[in-house]
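Here's the structure, in structure tokens; my notes come after.
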Amino acid sequence: MDEHRVGRVSEAVKEELSEIIGFEMSDPRLAAVDVTEVHVSPDSRHAHVQVEVSGDERQKEQALAALDKARHYLRSELARRLSLRLVPELHFAANSLSDGAGRVELLLKRAKKKRGPTENQP
């Protein structure tokens, strides 16, 4: 799969997972989970999902355990919503940028990406 398609699939998976986890799942351990990044492998067999969890280490562990338990459900929902030939196997990990500065960096990266190369950069 070409690099552009991998990026589009990663973004689509991220958007759908954010919606499913944030609004449709009723597990209270997932209330503070935010999907920050998704990297789909070039062969579309695996997706590494970075999540940010608000709270202490115990809450992070519980949230990752809940995500791991729900990964088959999440994969089936992705298959239903996205028209992909192969739906990737989901692998969840806590975001290494869990502090506030990391979150700001992520938001700045997103804003820069949305601005595009045509606008003047200060």
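Derivation of every value follows stated rules applied to the coordinates shown; laboratory data play no part. A quick note: this is a predicted structure, and the numbers were derived from the prediction, not measured. Here Cβ is always computed from backbone atoms with ideal geometry, including for glycine, and neighbour counts include all displayed protein chains.
Between H46 and S41, E89, the built amide H atoms are under 5 Å apart, and every one of these is 5 or more places off in sequence or on another chain. Across the stretch 14-19, coupling constants 3J(HN,Hα) worked out from phi with the 6.51/-1.76/1.60 Karplus curve, θ = phi - 60°, read 4, 4, 5, 5, 4, 5 Hz, and Gly and Pro carry x. For the chain, the number of Lys pairs separated by eight or more positions or lying on different chains, with C-alpha atoms closer than 23 Å, is 7.
Computed from backbone phi, the HN-Hα couplings of the stretch 40-50 come to 8, 5, x, 8, 6, 8, 9, 10, 9, 9, 9 Hz, rounded to whole numbers (Karplus: 6.51 cos²θ - 1.76 cosθ + 1.60, θ = phi - 60°; Gly and Pro given as x).
In a reduced charge model with +1 at each Lys and Arg Cβ and -1 at each Asp and Glu Cβ, the stretch 36-101 shows a dipole moment near 460 debye about its Cα centre. Between D68, D56, D27, the GNM of the chain built on Cα springs shorter than 10 angstrom shows D56 fluctuating the most. Converting phi to 3J(HN,Hα) with the Karplus coefficients 6.51, -1.76 and 1.60 and the offset θ = phi - 60°, the stretch 70-78 yields 8, 5, 5, 4, 4, 5, 5, 5, 4 Hz in sequence order, with x at every glycine or proline.
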